[in-house]
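The values are calculated or read from the model by the stated rules, or taken from the named source; none is laboratory data. In this text the structure is predicted, and so the values were computed from the model without any measurement. Please note: Cβ atoms are built from the backbone with ideal geometry, for glycine as well, and neighbour counts cover all protein chains shown.
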């Protein structure tokens, strides 16, 4: 039964990913210098995610529109990033944004909180 649910979830997720890609729109335009500065700031960020998770898709979609090429890390079963998320953030829940700044690490869960953080910091 678990295999069937997993197949359905992945199938629906794949459809969502497809529609996300074809309806994404345009990225935020910045000067090359401004985008270079953003790239430096993004080095301390990484998004732990499942590819077909609707909340992860929502978060990646906003990252795309804000022109924030943040490193994404899959936490699928068997992935070494899964253990990192569990040990660092305390739970396997996605999306989760790992924020490393001034030697401190923060784990931010919930797509709406992540999007709000990104919009406040980068717009």
Subject >> Members of the range 88-116 that are surrounded by 14 or more Cβ atoms within 10 Å (Cβ to Cβ) and under 17 Å from residue 40 (Cα atoms) >> reply: 97, 98, 99
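Matching residues to (1) outside any helix (DSSP H, G or I); (2) modelled with pLDDT of 95 or more; (3) in contact with a strand residue (DSSP E or B) (Cβ under 8 Å, 6 or more places away or on another chain):
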position: 6; (1), (2), (3): no, no, no
position: 9; (1), (2), (3): no, no, no
position: 13; (1), (2), (3): no, no, no
position: 19; (1), (2), (3): no, no, no
position: 25; (1), (2), (3): yes, no, no
position: 29; (1), (2), (3): yes, no, no
position: 48; (1), (2), (3): yes, yes, yes
Subject >> residue 57, sole failed condition from (1) over 11 Å from the mean Cα position of the chain (by Cα); (2) under 19 Å from residue 13 (Cα atoms) >> reply: (1)
Original post:
Quick one: residue 52 ticks every box in (1) in a loop (DSSP other than H, G, I, E, B); (2) out of contact with any helix residue (DSSP H, G or I) (no Cβ under 6 Å at 6 or more places or on another chain) bar one, so which box is it?
Top reply: (2)
**OP:** Might you let me know whether the range 4-15 holds any residue that is surrounded by 13 or more Cβ atoms within 10 Å (Cβ to Cβ) and in contact with a helix residue (DSSP H, G or I) (Cβ under 9 Å, 6 or more places away or on another chain)?
**Re:** yes
Original post:
With 33, 106, 120, 93 as the choices, which residue is under 13 Å from the mean Cα position of the chain (by Cα), without any contact (Cβ under 8 Å) to a residue 60 or more places away in the chain and either assigned to a loop (DSSP other than H, G, I, E, B) or farther than 22 Å from residue 8 by Cβ (or both)?
Top reply: 93
**OP:** Please find, within the range 61-87, the residue that is surrounded by the most Cβ atoms within 10 Å (Cβ to Cβ) out of those that are in contact with a helix residue (DSSP H, G or I) (Cβ under 8 Å, 6 or more places away or on another chain) and assigned to a helix (DSSP H, G or I).
**Re:** 63
